[in-house]
Amino acid sequence: MRLDIMKFYAGGAGLFSGVTVLLYPVSVVKTRMQVASKDTAERSASSVVKGLLKKDGIRGLYKGFATVLTGTIPARIVFLTFLETTKEASFKMVKPFKLSETSQAAIANGIAGMLSAVVSQVVYTPIDVVILSNRVI
């Protein structure tokens, strides 16, 4: 069975983006709490959410979200591409060790996943710096 690369990218990016939509407000609240001063009223998550909703409505919880998508979609494409291309090489690398098939799969997938994460962070980290500053402003 051959992998349909367009469906793979669309599905992968779509699923990751869906998760991002759901979790982004949590990140905004967490970041606001981390940069809050001791004497600020926004010490709890609920006070941050109430303040954002009062000031900006739902849009306040998604401030900077377009920047996130600008960075995460290319990073996810890099991750998925690198993951699929390094899996095969990783399997070949662990084959000479004559481990069980399950162990070979676990080690090869672990190697491919770690390498893919490192490579995708080269793309994502500069964007993440911009994202964090947008959440605070």
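The values are calculated or read from the model by the stated rules, or taken from the named source; none is laboratory data. Not measured: the values here are computed from a predicted model. Cβ coordinates were reconstructed from backbone atoms using ideal geometry, including for glycine residues, and neighbour counts include every protein chain displayed.
Kindly evaluate A108 against the criterion of being modelled with pLDDT of 95 or more and closer than 24 Å to K7 by Cβ. Yes: the conditions hold for A108. For the range 48-58, does any single residue satisfy the condition of being in contact (Cβ under 8 Å) with a residue 24 or more places away in the chain, touching a Phe, Trp or Tyr at 6+ places or on another chain (Cβ under 9 Å) and in a helix (DSSP H, G or I)? No: the range 48-58 contains no residue that is in contact (Cβ under 8 Å) with a residue 24 or more places away in the chain, touching a Phe, Trp or Tyr at 6+ places or on another chain (Cβ under 9 Å) and in a helix (DSSP H, G or I). In the range 103-128, the residues that are more than 15 Å from F82 (Cβ to Cβ) reach residues that are among the hydrophobic types (A, V, I, L, M, F, W, C) with C-beta atoms within less than 6 angstrom, at least six apart or across chains, in these pairs: Q104/V94; I107/V94. Of all residues assigned to the range 82-93, at least one qualifies as being within 16 Å of S116 (Cα to Cα) and in contact (Cβ under 8 Å) with a residue 60 or more places away in the chain.
In the condition set (1) within 30 Å of I5 (Cβ to Cβ); (2) loosely packed, with under 13 Cβ neighbours inside 10 Å, F65 is compliant with all but (2).
Number of residues in the range 24-45 that are surrounded by 11 or more Cβ atoms within 10 Å (Cβ to Cβ) and in a helix (DSSP H, G or I) equals 12. Taking the criterion of being at pLDDT below 90, of a type outside the set (S, T, N, Q), part of a helix (DSSP H, G or I) and within 14 Å of V28 (Cβ to Cβ), would at least one residue in the range 75-98 satisfy it? Within the range 75-98 (the criterion being at pLDDT below 90, of a type outside the set (S, T, N, Q), part of a helix (DSSP H, G or I) and within 14 Å of V28 (Cβ to Cβ)), the answer is no, since none of the residues qualifies. Which condition number does K63 fail, the rest of (1) in a helix (DSSP H, G or I); (2) under 18 Å from S17 (Cα atoms); (3) among the basic types (K, R) being met? If we test K63 against (1) in a helix (DSSP H, G or I); (2) under 18 Å from S17 (Cα atoms); (3) among the basic types (K, R), just (1) comes out false. Within the range 1-18, restricting attention to residues that are surrounded by fewer than 11 Cβ atoms within 10 Å (Cβ to Cβ) and in a helix (DSSP H, G or I), the residue that is nearest to the chain's Cα centre (by Cα) is G18.
When T102 is tested against (1) exposed (fewer than 12 other Cβ atoms within 10 Å of the Cβ); (2) at pLDDT below 95; (3) assigned to a helix (DSSP H, G or I); (4) polar (S, T, N, Q), just one condition goes unmet, and that condition is (2).
When I107, I73, I77 are screened for being over 20 Å from the mean Cα position of the chain (by Cα) and among the β-branched types (V, I, T), only I107 passes.
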